[in-house]
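Working notes, structure below.
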Amino acid sequence: MFRFLVILVIALTVSSCSSYRPAGDAFHKSLVGPYELDAGDRIRVTVFNQEDLNKEYLVDQAGYVSIPLIGNVAARGKQTSELAKIIAGKLANGYVRNPDVSVEIAQYRPFFIMGEVNSAGQYSYVSGMTVQTAIAIAGGFTPRAQQRYVDITRQLNGKILTGHVRLTSPVRPGDTIYIRERIF
């Protein structure tokens, strides 16, 4: 009886480690909605007929961009169109008459990859990236890597969520991908 229990415990442990448990709905919510700015994003602000204000700005760790004349503007959690309206409103308040402002992403914030890849680290995000392409950018799997599923940690509405996903799953800017070591 004791041997049977030991074998059962080992079998359950191995099967639970190797089975796929998909990430919840909240985890995938950020893939459907519009892109929201966060720290590390580089944006291009264009104020028509105001060449001195047309520059690229970095969203800092606090979630702000510092723009001449108007100072710090909160960018975290905002879409580019929302940020353009906020900047236009602040510029219209005594600095520029009828400002026409455009904001676009110049460079997305990086993603991070850790665990059983040949070159773990921080990499530039490319639009349309999947876990598989992220692993390729990081030099591929190590010989010890679990090659079916990975964990992705992503921030959504101020909450940090981790999902167990397939290699074909999309990656978002700012994601942290973790490749586990296989058991056998």
Please enumerate the residues belonging to region 43-68 that are surrounded by fewer than 15 Cβ atoms within 10 Å (Cβ to Cβ) and in contact with a helix residue (DSSP H, G or I) (Cβ under 7 Å, 6 or more places away or on another chain). 68
Test: residue 86 is in a helix (DSSP H, G or I) and either in contact with a Cys (Cβ under 8 Å, 6 or more places away or on another chain) or modelled with pLDDT of 65 or more (or both): yes
Cβ-Cβ below 7 Å, separation at least six or inter-chain, first residue in region 108-121 and in contact (Cβ under 8 Å) with a residue 12 or more places away in the chain, second of a type in the set (Val, Ile, Thr) and surrounded by fewer than 19 Cβ atoms within 10 Å (Cβ to Cβ): which pairs? 112/176; 114/176; 116/142; 117/142; 118/142
Here is a list of conditions, (1) of a type in the set (Val, Ile, Thr); (2) under 20 Å from the mean Cα position of the chain (by Cα); (3) surrounded by 14 or more Cβ atoms within 10 Å (Cβ to Cβ), and residue 73 meets all of them except one; can you say which number that is? (2)
Evaluate the following for residue 117: is it closer than 30 Å to residue 82 by Cα, crowded, with 19+ Cβ neighbours inside 10 Å and not polar (S, T, N, Q)? no
Return yes when residue 81 is in contact with a helix residue (DSSP H, G or I) (Cβ under 9 Å, 6 or more places away or on another chain), surrounded by fewer than 17 Cβ atoms within 10 Å (Cβ to Cβ), among the polar types (S, T, N, Q) and within 19 Å of residue 44 (Cβ to Cβ) and no when it is not. no
Counting just the residues of region 126-146 that are of a type outside the set (Gly, Ala, Ser) and not in a helix (DSSP H, G or I), which one comes out surrounded by the fewest Cβ atoms within 10 Å (Cβ to Cβ)? 143
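Would you confirm, using the coordinates I've provided, whether residue 91 is assigned to a helix (DSSP H, G or I) and modelled with pLDDT of 95 or more?
Values: assigned to a helix (DSSP H, G or I): yes; modelled with pLDDT of 95 or more: no.
Answer is no for this residue.
The values are calculated or read from the model by the stated rules, or taken from the named source; none is laboratory data. What you are looking at is a predicted structure, and each value in this text was computed from that prediction instead of being measured. Please note: Cβ atoms are built from the backbone with ideal geometry, for glycine as well, and neighbour counts cover all protein chains shown.
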